[in-house]
Amino acid sequence: MKRFLAFLAALALIVQSVSAEAQSTGKIHRIGWLASGSSAASLRFFEAFKDGLREAGWIEGQNITIDSRYAEGKSDRYPALAAELVQLKVDVIATVTTPAGLAAKNATSVIPIVMMNVAQPVELGLIASFGRPGGNVTGISWPDLEIFVKEIALLKELVPNVRLVAILSNPTNPAHGFVIKKVKAAAGSLGLELRLVEASKLEQLDGAFAAMVKERADAVLVVADGLFGLHRKRLAELAARNRLPATYGLSENVEAGGLMSYGPNRLAAYRRGAFLVDKILRGAKPADLPVEQPTKYDLVINLMTAKALGLTIPPSVLLRADQVIQ
């Protein structure tokens, strides 16, 4: 037994020695992180990304460093932030949201880019195709038409008498133009009318909701966007004050007091993004890594908000919910 314990102690010393030598002589890879909101608002998603890296053997402070940049909900900041990461000569840039992906793509055609939650990547010129991205970009896309069909249908189940739906969009997000066309098609198939309302900064949200009330909207669909995620509490307050049932693409909007969200499981997407970063750090080229699409979608419902709005959530919807906030 003593010999065995001595063997284990010696083995541990050898492992520690090899690890220390690898850290002292091996390359420390540098990862850039470009996101839409703030460090506080994005913390759990950033941690999910780092969890994925750790599972692949990449430990911050040992064999990787991460340089993070946040646009704080201001779309005009993306180009400068992307340029900063390029100047730092990072080995790969991980981006969150469509504007961040486009800014990184415009900043470099050489440094590999792993995009996450990016809508319409082919139409916007980020990649050549999902199967063969080409160039220096790969990643995880935002889902296509089917998610909006489902979201509109769920909204109608929650608010059976809904006729006119306001759609809140950020005109500075280049993907939203494509989204609006698809939402209109989904709404038309369900006999609903749409009214487009836009906001590109916090100061415009009050006016946007005033416009919805003036148009006599019965409900509002908030298109997923970094700005709307960052100011989720304000959105929930405005929807409650104006008694407008609201559906979102981001679950954190519902956690902040919104009625319902339906969209991809973003924590899973960030972990998967880390898997692609791992492949690139080990020598794979983005052009050879197919762009992946989400496989898990979450329906989140806030019962407190529903009660405040005088809505009764059908049992059939509650049974389908992945999370119910009491």
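I'm trying to understand the selection: among the residues of the stretch 105-149, which are among the polar types (S, T, N, Q) and more than 25 Å from Gly263 (Cα to Cα)? If the condition is that a residue be among the polar types (S, T, N, Q) and more than 25 Å from Gly263 (Cα to Cα), then Asn106, Thr108, Ser109, Asn136 are the ones that fit.
Here is a list: Ser129, Ser68. Which entry is in a loop (DSSP other than H, G, I, E, B) and of a type in the set (Ser, Thr, Tyr)? Of Ser129, Ser68, the one residue that is in a loop (DSSP other than H, G, I, E, B) and of a type in the set (Ser, Thr, Tyr) is Ser129. For the stretch 103-125, which positions are among the aliphatic types (A, V, I, L, M), modelled with pLDDT of 95 or more and either in the same structural domain as Pro174 (by TED's automatic domain parsing) or outside any strand (DSSP E or B) (or both)? Residues satisfying the conditions are Ala103, Ala104, Ala107, Val110, Ile111. Checked against the criterion of being among the polar types (S, T, N, Q), more than 14 Å from the chain's Cα centre (by Cα), closer than 17 Å to Ala83 by Cα and surrounded by 15 or more Cβ atoms within 10 Å (Cβ to Cβ), the candidates Asn136, Asn106 yield just one match: Asn136. Restricting attention to the stretch 204-247, the residues being under 27 Å from Val118 (Cβ atoms) and either outside any strand (DSSP E or B) or over 26 Å from the mean Cα position of the chain (by Cα) (or both) number 18. For first residues located in the stretch 184-204 and in contact (Cβ under 8 Å) with a residue 40 or more places away in the chain, partners that are among the polar types (S, T, N, Q) and lie 6+ apart or on another chain with Cβ distances below 8 Å form the pairs Ser200/Ser75; Ser200/Asn170; Ser200/Thr172.
Among the residues of the stretch 76-102, those that are part of a strand (DSSP E or B) and either in contact with a His (Cβ under 7 Å, 6 or more places away or on another chain) or within 14 Å of Ile66 (Cα to Cα) (or both) comprise Val92, Ile93, Ala94, Thr95. Answer with yes or no whether Val254 is outside the structural domain of Ile313 (by TED's automatic domain parsing), assigned to a helix (DSSP H, G or I) and either small (Gly, Ala, Ser) or in contact (Cβ under 8 Å) with a residue 12 or more places away in the chain (or both). Considered against the rule, which asks whether it is outside the structural domain of Ile313 (by TED's automatic domain parsing), assigned to a helix (DSSP H, G or I) and either small (Gly, Ala, Ser) or in contact (Cβ under 8 Å) with a residue 12 or more places away in the chain (or both), Val254 comes out as no. Among residues of the stretch 205-246 being acidic (Asp, Glu) and touching a residue at least 24 places away in the same chain (Cβ under 8 Å), the one that is nearest to Pro264 (Cα to Cα) is Asp225.
Taken over the stretch 302-326, residues that are touching a residue at least 60 places away in the same chain (Cβ under 8 Å) and either assigned to a strand (DSSP E or B) or outside the structural domain of Ala219 (by TED's automatic domain parsing) (or both) amount to 2. For the stretch 242-249, the criterion of being out of contact with any strand residue (DSSP E or B) (no Cβ under 8 Å at 6 or more places or on another chain) and either modelled with pLDDT of 95 or more or not assigned by TED's automatic domain parsing to the domain that holds Val162 (or both) is met by at least one residue. Residue check: Ile152 meets all listed conditions (1) assigned to a strand (DSSP E or B); (2) at pLDDT below 95 but one, namely (1).
The values are calculated or read from the model by the stated rules, or taken from the named source; none is laboratory data. All figures in this text were calculated on a predicted structure; none of them were measured in a lab. Counting neighbours? That spans all protein chains shown, and the Cβs are built from the backbone with ideal geometry, glycine included.
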